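J.: Here's a structure for you.
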Amino acid sequence: MTGDDAFHEASKIVAHDEPNPYEAVVPPIVQTSLFTFSSYADMLATYRGERVRPTYSRGLNPTVRIFEEKLAALEGAEDALGFASGMAAISSTVLSFVEPGDRIVCVRHVYPDAYRLFETILKRLKITVTYVDGRDLDAVGKELPGAKLFYMESPTSWVMETHDVAALARLARKHGVMTVIDNSWASPVFQQPLALGCDLVLHSASKYLGGHSDVVAGVVAGSAALIARIRSTTLPYLGGKLSPFDAWLLIRGLRTLPLRMKAHEAAALEIARRLADHPAVSSVQHPGLGNALPPGLTGTSGLFSFVFAEGVDVAVFADALQLFSLGVSWGGHESLVVPGKVVRAQAAEPNSAMAFGIHENSVRLHVGLEGADVLWRDLEAAIDAGIGGRAR
Ligand SMILES: *Cc1c(COP(=O)(O)O)cnc(C)c1O
């Protein structure tokens, strides 16, 4: 599918096709914890598994289901499961498929809390994780034999290393290893990893899927069999289910996902190009600059990073910004900035897979929807302040 086809397909999915008992254009929020039964026979049949219907919202809720079905359609998946956060989706997914003694192969530079999950809870369960440079197929191929799961992001957190997702998924399959990919950065508008051969795709829905910085949520999508396994193995007991109100916010956010992604893409590319030409900037890590995009990635989003040349005071720069706010997370309407030093300060081990490669003078930007020109004026003035080392 070309980028344009994907855009039109996604636009159709987000606009229509919700079951709706009132013929209202927006579905209701079924804000209930439990569902009652009309008779004993009905209740017994349901708990015997003879029919599927909502009984309790930790399992199945109609509003949450609308979001799950839409997301499954966007990712070209048979099914999807919504979670109370991206980390709930990651932990419930990974823990559904590994047991003590197993090994996971993971690309270096993953989302910091995914890394911490691997290094704390998984380690305690005697599950080991090997980190590899995902751009090096030979290196990945060497680690795969005997592994249970291959975990990836593309592009990776912060340093934006891109991968040939299809080639990696093919390699993993050859070794009998299932592939899980975090697709939060590209969103299903710009990358559909299941079509590239991945087994499961997950998102922090707190980012682009929600898109308005007002919800923390997650989702995983894949084949009916793999989703059924997560639904029955970890979801009920870890219990991090998506709530009906958050699902409703996500359905609302999805309406504009394709349009928002195009706007983030255009503004971020423009700003990345201008930064690359700026004498105070030594490098820009944006997958859309320079080389062609890796196969399967049809567009780029609003999150990227760059490194200042020596002599720019990052603290003064950060405090001089007026439109970019200092804040973690990303994917919303607003522009954000995080200095690399802040991430490095949280890492116990500076060369761990979490902080490795994050330059002291780097800055991560999320380019929101304010427009490239006003954002650029803000950046330019703050860079001038940073060069002078004085407050604006
Ligand atoms: C934010 C983020 C997560 C975690 O999601 P939460 O919704 O914050 O739990 C996972 N992966 C990536 C790439 C993220 O940016």
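The values are calculated or read from the model by the stated rules, or taken from the named source; none is laboratory data. Fair warning: this is a prediction, and the values are worked out from it, not measured in the lab. No Cβ is skipped: glycine too gets one built from the backbone with ideal geometry, and neighbour counts run over all protein chains shown. The area values use the complete protein model at the heavy-atom level, side chains included, leaving out ligands, DNA and RNA. Shrake-Rupley method; radii C 1.70, N 1.55, O 1.52, S 1.80 Å.
J.: Are there any pairs with C-beta distances below 7 angstrom linking a residue in segment 71-86 that is touching a residue at least 12 places away in the same chain (Cβ under 8 Å) and under 19 Å from A195 (Cβ atoms) to a residue that is of a type in the set (S, T, Y) and open to solvent by 30 Å² or more (accessible area, probe 1.4 Å), with the two at least 6 apart or on different chains, and if so which?
T.: E78/S223
J.: Are any residues in segment 214-237 surrounded by 16 or more Cβ atoms within 10 Å (Cβ to Cβ) and more than 13 Å from the ligand (Cβ to nearest atom), and if so, which ones?
T.: Within segment 214-237, A221, G222, L226, I227, R229, I230, R231, T234, L235 meet the criteria.
J.: Pick out the one residue from A292, A355 that is away from the ligand (no atom under 16 Å from the Cβ), at pLDDT below 95 and not assigned by TED's automatic domain parsing to the domain that holds S187. Lay out the reasoning, then the answer.
T.: On the way: A355 fails: away from the ligand (no atom under 16 Å from the Cβ).
The unique qualifying residue is A292.
J.: From the set of residues in segment 105-122 that are assigned to a strand (DSSP E or B) and out of contact with any His (no Cβ under 9 Å at 6 or more places or on another chain), which is farthest from Q346 (Cα to Cα)?
T.: For segment 105-122, the residue satisfying everything is V105.
J.: Please pick out the residue among S283, S329, S335 that is touching a Lys or Arg at 6+ places or on another chain (Cβ under 9 Å), touching a residue at least 24 places away in the same chain (Cβ under 8 Å) and small (G, A, S).
T.: S329
J.: Oh, and also: Could you grab me the full set of residues in segment 69-90 that are buried (at least 22 other Cβ atoms within 10 Å of the Cβ), within 16 Å of the ligand (Cβ to nearest atom) and part of a helix (DSSP H, G or I)?
T.: L71, E75, G86, A88, A89, I90
J.: Follow-up. Which of (1) closer than 23 Å to D5 by Cβ; (2) touching a Gly at 6+ places or on another chain (Cβ under 9 Å); (3) open to solvent by less than 10 Å² (accessible area, probe 1.4 Å); (4) not β-branched (V, I, T) is the odd one out, the single condition A247 does not satisfy?
T.: (1)
J.: Collect the residues in segment 363-389 that are of a type in the set (G, A, S), surrounded by 17 or more Cβ atoms within 10 Å (Cβ to Cβ) and touching a helix residue (DSSP H, G or I) at 6+ places or on another chain (Cβ under 6 Å), keeping them in residue-number order.
T.: Matches in segment 363-389: A372, A382, A385, G386.
J.: Consider L125 against the criteria (1) of a type in the set (A, V, I, L, M); (2) open to solvent by less than 30 Å² (accessible area, probe 1.4 Å); (3) over 30 Å from A272 (Cβ atoms): it satisfies all of them except one. Which criterion is unmet?
T.: (2)
J.: Continuing with the same structure: Taking S96 as the residue in question, decide whether it is within 16 Å of the ligand (Cβ to nearest atom), on the phi < 0 side of the Ramachandran plot and in a helix (DSSP H, G or I).
T.: no
J.: A follow-up question, please. Looking at S157, S184, S206, can you tell me which residue is out of contact with any strand residue (DSSP E or B) (no Cβ under 7 Å at 6 or more places or on another chain) and within 21 Å of G253 (Cβ to Cβ)?
T.: Just a single option satisfies the conditions, and that option is S206.
J.: What's the number of the condition D113 fails, among (1) closer than 30 Å to S33 by Cβ; (2) at pLDDT below 95; (3) surrounded by 19 or more Cβ atoms within 10 Å (Cβ to Cβ)?
T.: Every listed condition holds for D113 apart from (3).
J.: With the requirement that a residue be of a type in the set (V, I, T), more than 13 Å from the ligand (Cβ to nearest atom) and over 23 Å from S91 (Cβ atoms), what does segment 133-168 give you?
T.: The answer is V140, T162.
J.: A further question follows. Going by what's in this entry, would T130 be described as over 22 Å from P188 (Cα atoms), more than 16 Å from the ligand (Cβ to nearest atom) and outside the structural domain of S283 (by TED's automatic domain parsing)?
T.: Values: over 22 Å from P188 (Cα atoms): yes; more than 16 Å from the ligand (Cβ to nearest atom): yes; outside the structural domain of S283 (by TED's automatic domain parsing): yes.
It is true that T130 is over 22 Å from P188 (Cα atoms), more than 16 Å from the ligand (Cβ to nearest atom) and outside the structural domain of S283 (by TED's automatic domain parsing).
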